[in-house]
Amino acid sequence: MKNDSVDIVLATYEGETYIDDLINSIFLQDYTPFRVYARDDGSTDNTFNKLKKYAEQFTQFTVIENQEHIGIIKNFEQLLQLTKSDYILLADQDDYWFSDKISRSIRGIRKIESQFGSDTPALFFTDLQIVDQNLLKIADSFWQYKNLDPEISQVLHKLIVRNVCPGCSMIINRALLEKTLPFPNGIIMHDWWLILSALVLGKVAYSDTPTISYRQHGKNSIGAKKKSINQKIYNLLFRYRDMIDEKNQTQYQAKLLLDQYSTNMKKEDLQILKAYSNYRIESKIMHKYRCYKNGISTKGVLGNIGLYLLL
């Protein structure tokens, strides 16, 4: 049986240090065919020149010449708009892919489609191994290291508050991509928007087998940072305004989800999004009550106390 072609989108910025490792690991995959679309976001280092060399060496490697600085979300959006294949993976410039990342991801998303149909928007993701800047292992599991439950990906009342799926661990199908592009202005991050969209419009599944070495080097856009109880208390006491802003962003993202897909989602999802985005512009007490009634929550007792203090 012939393999389906896969597109990989690679958004870079100031990534010359680790970009060779990432690209070499892509070309060591046990799955073909695939095509890589890469775009640099105006780096001042040698990243763009490195990308061009790979494009000269490999016919399946395409580099977008436009280097205007547009930010990570728009960078990925432009790349995703260029893809043509039925399946798309997102790549981060500083990671290292296991040789079976594509094949394992393809099996996962095909399983969703075999059950619900290829016209169902679908997203599949895996756990990640955390490594240091030299690719030495820090932890076998990103989820365990961050104390994350991947089952959050199945429940909207938790996923709207916190994401569990870095973009580099996911694969999406064409049906999902066509529903989500272009990204609306105001989303927090492209990967969070993609998994939220997949959950309300279609299906999300995951595997606890890592497919990537998730490199931590101090300059990650998001990374695998851990927060101690003391840090959480400190944030509530001394970063209250910042935390309010972060909460407001998640509520606005929920409103965008509601505005974008309200005619295509389940009734219970509508109620969750209306409650969290404060759709009715209710009093603080009523807003907290409606969020509680709809099960909106985050991780741990302290986290939920903080969330409801902020609401």
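The values are calculated or read from the model by the stated rules, or taken from the named source; none is laboratory data. Everything numeric here is computed off the predicted structure, so don't read it as measured data. Methodologically, a virtual Cβ is constructed for each residue, glycine included, from the backbone with ideal geometry; neighbour enumeration extends over all protein chains shown. Accessible surface is based on the protein model in full, side chains and every heavy atom, while ligands, DNA and RNA are left aside. Shrake-Rupley method; radii C 1.70, N 1.55, O 1.52, S 1.80 Å.
Remarks
Condition check ((1) modelled with pLDDT of 95 or more; (2) open to solvent by less than 70 Å² (accessible area, probe 1.4 Å); (3) polar (S, T, N, Q); (4) under 22 Å from Q154 (Cβ atoms)) across all residues:
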{"residue": "S221", "(1), (2), (3), (4)": "no, no, yes, no"}
{"residue": "K232", "(1), (2), (3), (4)": "no, yes, no, no"}
{"residue": "N235", "(1), (2), (3), (4)": "no, yes, yes, no"}
{"residue": "M243", "(1), (2), (3), (4)": "no, yes, no, no"}
{"residue": "T250", "(1), (2), (3), (4)": "yes, yes, yes, yes"}
{"residue": "A254", "(1), (2), (3), (4)": "yes, yes, no, yes"}
{"residue": "N294", "(1), (2), (3), (4)": "yes, yes, yes, yes"}
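- Residue in segment 55-62 that is buried (at least 22 other Cβ atoms within 10 Å of the Cβ) and out of contact with any helix residue (DSSP H, G or I) (no Cβ under 9 Å at 6 or more places or on another chain) present: no
- Residue match in segment 102-112 (condition: hydrophobic (A, V, I, L, M, F, W, C), farther than 19 Å from S197 by Cβ and more than 16 Å from the chain's Cα centre (by Cα)): yes
- For segment 48-67, a residue qualifies if it is among the acidic types (D, E) and either in contact with a Leu (Cβ under 9 Å, 6 or more places away or on another chain) or in a helix (DSSP H, G or I) (or both), and exactly one does: E56.
- Among residues of segment 60-72 that are within 19 Å of I23 (Cα to Cα), those with a beta-carbon under 6 Å from a residue that is open to solvent by less than 40 Å² (accessible area, probe 1.4 Å) at least six positions away or on a different chain give the pairs F61/V36; F61/Y54; F61/A55; T62/Y37; V63/A38; V63/L51; V63/A55; I64/R39.
- Selection from segment 262-285 of residues that are surrounded by 13 or more Cβ atoms within 10 Å (Cβ to Cβ), at negative phi and at pLDDT 90 or above: S262, M265, D269, L270, Q271, I272, L273, K274, A275, Y276, S277
- A count restricted to segment 70-83 and to residues that are in contact with a helix residue (DSSP H, G or I) (Cβ under 9 Å, 6 or more places away or on another chain) and not in a helix (DSSP H, G or I) stands at 2.
- Restricting segment 3-22 to residues that are farther than 20 Å from N173 by Cβ and among the β-branched types (V, I, T), the residue that is surrounded by the fewest Cβ atoms within 10 Å (Cβ to Cβ): T17
- Single unsatisfied condition, E282 versus (1) over 21 Å from the mean Cα position of the chain (by Cα); (2) under 23 Å from D191 (Cα atoms); (3) among the acidic types (D, E): (2)
- Meeting the requirement of 3 or more residues that are open to solvent by 10 Å² or more (accessible area, probe 1.4 Å), the helices (runs of 4 or more DSSP H) wholly within segment 90-197 are 101-116, 142-145, 174-180.
- Residue within segment 28-47 that is part of a helix (DSSP H, G or I) and in contact (Cβ under 8 Å) with a residue 60 or more places away in the chain present: no
- Any hit, segment 1-14, residues being over 22 Å from the mean Cα position of the chain (by Cα), modelled with pLDDT under 95, of a type in the set (A, V, I, L, M) and not in a helix (DSSP H, G or I): yes
- Yes/no for L82 being farther than 25 Å from R215 by Cβ and aliphatic (A, V, I, L, M): yes
A quick yes/no check of all residues on (1) under 17 Å from I8 (Cβ atoms); (2) at pLDDT below 95; (3) open to solvent by less than 50 Å² (accessible area, probe 1.4 Å); (4) acidic (D, E):
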position	(1), (2), (3), (4)
N24	yes, no, no, no
Q29	yes, no, yes, no
Y37	yes, no, yes, no
D40	yes, no, yes, yes
D45	no, no, yes, yes
N49	no, no, no, no
I70	no, no, yes, no
Q78	yes, no, no, no
Y87	yes, no, yes, no
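- Residue list for segment 300-311, restricted to those being open to solvent by 60 Å² or more (accessible area, probe 1.4 Å) and not in a helix (DSSP H, G or I): none
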